[in-house]
Amino acid sequence: MTDREKQSRPVKAGEDPEGAFALLVGEHQRLVYAVALRLTGDATAAEDITQETFIAAWRHLGDFRGESSLKTWLLRIAANKARSWWRWKKVRSWLSLDARQDGEGPALQDLLPDDPKGRPEEAARAAELERRVQGAINALPPRQREVAALRAQGLGIAETAAALGMAEGTVKAHWFEARRKLEAALGDYL
């Protein structure tokens with residue numbers, strides 16, 4: 001059986017579905033979390049989205065048709081969960097009297113662990129770059145942000161298109177615009 005066939009069949013006949021699913025979670029959890037973190041900029045939301053992604057995947061495992069890889073299917077679920085998170089964040093900010101006016105979550109610097117060892121100036125530069133990158137990604141329109149987050153995780157155009165339910169040409173257009181905007185925002189760091 002080829003790797004593609006293994007990826008398109010989550011559970012083989014006679015296999016323990018819970019064990020196979022645990023392997024699936026172990027293999028893809030970091031990627032799903034990384035994409036969710038890039039899409040939201042919020043570690044707590046990324047953890048929730050990751051958990052919700054795998055819960056939805058477990059509930060709908062029988063619906064997986066194998067038209068894409070499991071990784072792509074999971075990332076599509078995660079992207080949809082992130083979209084829901086953004087919609088609900090807007091609703092909550094409109095309804096909440098004590099919501100922050102800028103509508104942003106915690107600063108990325110609050111999410112990054114301190115690096116007490118090593119060179120503090122390099123750690124500070126790296127933290128500043130990460131803040132700038134996350135800020136630039138957050139400033140992108142939602143579709144461009146999604147494409148940039150998936151491409152940053154090493155997905156190709158076809159995988160990104162499958163994960164987001166877009167045509168490849170649309171992904172290329174969003175990626176082109178996202179790169180242009182990110183280069184403009186991060187030019188002095190590149």
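The values are calculated or read from the model by the stated rules, or taken from the named source; none is laboratory data. Since this is a predicted model, take the numbers as computed values, not measurements. Ideal geometry is used to build each Cβ from the backbone, glycine not excepted, and the neighbour counts take in all protein chains shown.
Residues that are at pLDDT below 85, buried (at least 16 other Cβ atoms within 10 Å of the Cβ), touching a Gly at 6+ places or on another chain (Cβ under 8 Å) and in a helix (DSSP H, G or I): does the range 3-16 have at least one?
yes
Quick one: count up the residues across the range 31-67 that are of a type in the set (Asp, Glu), surrounded by 15 or more Cβ atoms within 10 Å (Cβ to Cβ) and more than 19 Å from Glu146 (Cα to Cα).
Qualifying residue count for the region: 0.
Conditions tested, residue by residue: (1) out of contact with any Ser or Thr (no Cβ under 9 Å at 6 or more places or on another chain); (2) of a type in the set (Asp, Glu); (3) part of a loop (DSSP other than H, G, I, E, B); (4) modelled with pLDDT of 85 or more.
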position	(1), (2), (3), (4)
Ala56	yes, no, no, yes
Gly66	no, no, yes, no
Leu75	no, no, no, yes
Lys81	no, no, no, yes
Trp88	yes, no, no, no
Arg92	yes, no, no, no
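Determine the pairs where a residue that is closer than 23 Å to Lys89 by Cβ, located within the range 45-65, has a partner that is among the charged types (D, E, K, R) and part of a helix (DSSP H, G or I) with Cβ atoms under 8 Å apart, the partner being 6 or more residues away or on another chain.
Cβ pairs passing all conditions: Ile49/Lys81; Glu52/Lys81; Thr53/Lys81; Ala56/Lys81.
Against the condition modelled with pLDDT of 90 or more, assigned to a helix (DSSP H, G or I) and out of contact with any Pro (no Cβ under 9 Å at 6 or more places or on another chain), how does Leu31 come out, does it pass?
yes
Is it the case that the range 108-121 has a residue that's crowded, with 17+ Cβ neighbours inside 10 Å, modelled with pLDDT under 70, closer than 27 Å to Leu182 by Cβ and in contact with a Lys or Arg (Cβ under 8 Å, 6 or more places away or on another chain)?
yes
Might you check whether a residue that is exposed (fewer than 14 other Cβ atoms within 10 Å of the Cβ), assigned to a loop (DSSP other than H, G, I, E, B), modelled with pLDDT under 85 and aliphatic (A, V, I, L, M) occurs anywhere in the range 122-130?
No, every residue in the range 122-130 fails to be exposed (fewer than 14 other Cβ atoms within 10 Å of the Cβ), assigned to a loop (DSSP other than H, G, I, E, B), modelled with pLDDT under 85 and aliphatic (A, V, I, L, M).
Which members of the range 143-169 meet the condition of being farther than 25 Å from Glu130 by Cβ and in contact (Cβ under 8 Å) with a residue 24 or more places away in the chain?
Those that are farther than 25 Å from Glu130 by Cβ and in contact (Cβ under 8 Å) with a residue 24 or more places away in the chain: Ala162, Gly165.
Looking only at the range 170-190, which residues are touching a Lys or Arg at 6+ places or on another chain (Cβ under 9 Å) and in contact (Cβ under 8 Å) with a residue 40 or more places away in the chain?
Matches in the range 170-190: Ala185, Leu186, Tyr189.
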